[in-house]
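See structure below.
The values are calculated or read from the model by the stated rules, or taken from the named source; none is laboratory data. If you're wondering where the values come from, they're calculated on a predicted model, not measured in any experiment. Because the Cβ atoms are built from the backbone with ideal geometry, glycine has one as well, and the counts that use them run over all protein chains shown. Heavy atoms of the whole protein, side chains included, go into the accessibility calculation; ligands, DNA and RNA do not. Shrake-Rupley method; radii C 1.70, N 1.55, O 1.52, S 1.80 Å.
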Amino acid sequence: MPGTAPRLREDRVRRAFDGVASAFATNDFLYREMARRMDERLEMVRLAPNRILDAGCGLGADRLSLQKRYPAAAWVGVDQSTQMLRYGQATEQAALGFMRRLFHAGRRSPSARIAAHMGQLPIAGQSIDLIWSNAALHWLDNLPDALKEFNRVLSVGGLLMFSTFGPDTLKQLRDAIRAVGGVPRIHDLTDMHDIGDMLVHGGFSDPVMDMETLTLTYTDPWQALHELQRAGSVTANDTGVRGLTTKQFWTQVMAHWAQDAQGRYPLTFELVQGHAWKMAPRQHEDGRAVVNFMPRPGQSPRQG
């Protein structure tokens with residue numbers, strides 16, 4: 001349909017993040033803010049995970065806060081971008097080397113980085129106690145299937161904690177692109193209510209969703225575009241149209257970018273946060289109901 005956002009191309013997402021990996025740590029301020037807000041939500045949760053999955057971990061920058069909160073938990077980071085994983089590993093090793101010299105070594109929880117798709121995790125079922133996913137779910141072409149995969153690897157009583165971007169994200173840029181007749185370079189983002197429904201259909205219980213908007217303003221619209229590029233947030237969809245990244249095209253877009261009362265260029269981000277629990281299933285995959293039998297004294301409970 002003319003004027004609608006094209007299908008998300010995950011291979012282009014991977015290449016985009018591979019390309020910005022070396023300088024990503026200096027351009028991820030928005031991701032750090034989202035991680036901070038997610039960490040605050042963990043204050044309200046009673047959880048003592050043995051194993052944490054960081055889904056879409058990027059450089060692995062969130063590991064520090066997770067390890068501080070859960071020092072005994074093993075951390076497993078998964079990302080499609082091999083370059084993000086490589087630079088994250090190198091940065092961590094350099095930092096650990098410095099800390100060992102400074103504090104004469106110290107015990108740290110085990111960790112692993114795995115190059116994999118979030119919808120096809122090379123992880124055993126029910127082996128993870130906490131899935132943490134910061135600003136990564138919106139890059140998935142099939143979010144419902146990925147949520148089902150998260151449910152598969154979570155242990156019963158495990159928690160999924162995530163953040164993502166909602167539909168109003170970059171709305172000023174979207175409007176400016178449409179004004180010049182361009183095909184949207186930003187793929188459609190999922191409403192938080194729809195994500196809540198996906199969680200329920202994916203086997204999760206008691207999903208809690210909330211949203212808030214953050215608007216940044218720029219004196220120079222080109223600075224905003226460059227920051228998006230350096231943060232890997234350039235579109236990665238299947239447009240099939242050439243010429244949409246030329247300077248002439250973007251000059252036209254900037255001319256249609258609505259300014260605020262102070263003459264600055266606003267850029268809105270809709271920050272969606274949510275969490276949900278994995279509870280014991282009520283039926284088997286073949287449709288048979290799960291029946292819990294009360295054990296006799298000295299016996300373990302079993303299911304039928």
Quickly run through the stretch 35-48 and pick out the residues that are open to solvent by less than 10 Å² (accessible area, probe 1.4 Å) and under 12 Å from Leu159 (Cα atoms). Leu42
Among (1) touching a residue at least 40 places away in the same chain (Cβ under 8 Å); (2) open to solvent by 20 Å² or more (accessible area, probe 1.4 Å); (3) farther than 21 Å from Ala72 by Cβ, the one test that Asn134 misses: (2)
For the stretch 161-179, does any single residue satisfy the condition of being out of contact with any helix residue (DSSP H, G or I) (no Cβ under 7 Å at 6 or more places or on another chain), open to solvent by 30 Å² or more (accessible area, probe 1.4 Å) and within 22 Å of Arg37 (Cα to Cα)? yes
Residue selected from the stretch 73-88 under the condition closer than 20 Å to Leu140 by Cβ and not in a helix (DSSP H, G or I), by the criterion most open to solvent (accessible area, probe 1.4 Å): Gln80
Taking the stretch 15-36 on its own, how many of its residues are touching a Ser or Thr at 6+ places or on another chain (Cβ under 7 Å) and farther than 16 Å from Arg86 by Cα? 2
Hits in the stretch 245-269 (condition: touching a helix residue (DSSP H, G or I) at 6+ places or on another chain (Cβ under 9 Å), open to solvent by 40 Å² or more (accessible area, probe 1.4 Å) and assigned to a helix (DSSP H, G or I)): Gln252, Ala255
Which ones in the stretch 186-204 are loosely packed, with under 13 Cβ neighbours inside 10 Å and in contact (Cβ under 8 Å) with a residue 24 or more places away in the chain? His201
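If I go through the stretch 132-155 residue by residue, how many of them are in a strand (DSSP E or B) and under 11 Å from the mean Cα position of the chain (by Cα)? Talk me through it step by step, then tell me what you get.
Taking the stretch 132-155 first, the residues in a strand (DSSP E or B) are 132-134, 154-155.
Filter once more, keeping what is under 11 Å from the mean Cα position of the chain (by Cα): 132-134.
Result for the stretch 132-155: 3.
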